[in-house]
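Below: one structure, written as structure tokens.
The values are calculated or read from the model by the stated rules, or taken from the named source; none is laboratory data. The shown structure was predicted, so the numbers you read here are calculated from the model rather than taken from an experiment. Ideal geometry is used to build each Cβ from the backbone, glycine not excepted, and the neighbour counts take in all protein chains shown.
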Amino acid sequence: MDRNRFSAIAHRNHAFSNPINEKKLMKMIRMMSPEPNKKVIDIGSGKSELLIRLVEDFQITATAIELYEGAIEEAKLSAGSRIPKDSIDFVVDDASVAVKRYEADEFDLGICIGSTHALGGFEPTLKTMKRLIKKDGYILIGEGYWKKTPSKEYLEALGGAEESELKSHARNVMTAEELGLIPLWSYVANEDEWDDYEWLYSSTIENYCHENPDDPDKAAMLERIRKWRRTYLSWGRDTLGFGLYLFRND
């Protein structure tokens, strides 16, 4: 089973592939008041819905970096009917390789929501963004955090994850400060937002498998989503948080 395909199917009914609701996300976007022709880079852009809306609403130009070609193909289809051609440069590549092609201070806004793993984690992502984003530019990061110390059982259910892979919410902010970034705003996902995100994620796979009984990956997909759902309900809902952080590159 292709995990990227699994993720694309699971998120096909999400406008954005993270648990922060759209109202909060767009409020943070408006705080930056992007001007026409400002340059934006989104690392791990997925279906690129946020970039498409930024072009629609603010007439920016954008670079979308995404490893899964299927997500980029979907993004191109959506963009083709909504925004001027070539407003977004779609790059299918490993983010750690792709970012090396860009000059320091090349962009006005950097985005990485739920994809810091693509650059080696939260702190390496902030360092990369600090290089790419102009002085006084903005960095918008979505990152997980521990609401409480994760149990051994939860870490094992996550495939042998380590507690050190995430920080606390406060520590996420302080890490950015230590790198010279200025925290401007943050939202965290509440329980309703997590439930909306996780149940839509889960039910989309369940419904897909029900509607496509001959898919050769059906059994593997159902096994994966049902294990994930049990993990979320048993431990994740109380232990894992998700924050959206807005920083200025000072």
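A quick yes/no check of all residues on (1) surrounded by fewer than 14 Cβ atoms within 10 Å (Cβ to Cβ); (2) charged (D, E, K, R); (3) in a strand (DSSP E or B):
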residue	(1), (2), (3)
THR204	no, no, no
LEU222	no, no, no
LEU233	yes, no, no
ARG237	no, yes, no
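Looking at this structure, is LYS39 within 16 Å of the chain's Cα centre (by Cα), on the phi < 0 side of the Ramachandran plot and modelled with pLDDT of 95 or more? Taking the combined requirement at face value, the residue does not satisfy it.
Let's see how each residue does on (1) touching a residue at least 40 places away in the same chain (Cβ under 8 Å); (2) of a type outside the set (A, V, I, L, M); (3) over 15 Å from ARG53 (Cα atoms):
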{"position": "SER81", "(1), (2), (3)": "no, yes, no"}
{"position": "PRO84", "(1), (2), (3)": "no, yes, no"}
{"position": "ALA95", "(1), (2), (3)": "yes, no, yes"}
{"position": "GLU106", "(1), (2), (3)": "yes, yes, yes"}
{"position": "LEU109", "(1), (2), (3)": "yes, no, no"}
{"position": "ALA118", "(1), (2), (3)": "yes, no, yes"}
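Just one of (1) in a helix (DSSP H, G or I); (2) touching a residue at least 40 places away in the same chain (Cβ under 8 Å); (3) surrounded by 14 or more Cβ atoms within 10 Å (Cβ to Cβ) fails for MET31. It is (3). Counting only helices (runs of 4 or more DSSP H) that fall entirely inside the range 112-188 and contain at least 3 residues that are closer than 27 Å to MET26 by Cβ and of a type outside the set (Lys, Arg), the qualifying elements are 122-132, 169-178. For the criterion of being among the β-branched types (Val, Ile, Thr) and assigned to a loop (DSSP other than H, G, I, E, B), ILE20 passes.
Residues that are out of contact with any Pro (no Cβ under 9 Å at 6 or more places or on another chain), touching a residue at least 12 places away in the same chain (Cβ under 8 Å) and of a type in the set (S, T, N, Q) do not occur anywhere in the range 208-218. One residue stands out in the range 63-97 among those that are hydroxyl-bearing (Ser, Thr, Tyr), surrounded by 13 or more Cβ atoms within 10 Å (Cβ to Cβ) and out of contact with any Ser or Thr (no Cβ under 7 Å at 6 or more places or on another chain): the one that is farthest from GLY120 (Cα to Cα), namely SER78.
Looking at SER33, SER78, SER45 in this structure, which one is at positive phi and among the hydroxyl-bearing types (Ser, Thr, Tyr)? Criteria check complete, one pass: SER33. The residues on offer are GLU198, GLU143, GLU191, and the sole one that is more than 17 Å from the chain's Cα centre (by Cα), at pLDDT 95 or above and not β-branched (Val, Ile, Thr) is GLU191.
In the range 126-149, the residue that is farthest from ASP250 (Cα to Cα) out of those that are in contact with an Asp or Glu (Cβ under 8 Å, 6 or more places away or on another chain) and surrounded by 21 or more Cβ atoms within 10 Å (Cβ to Cβ) is LEU132.
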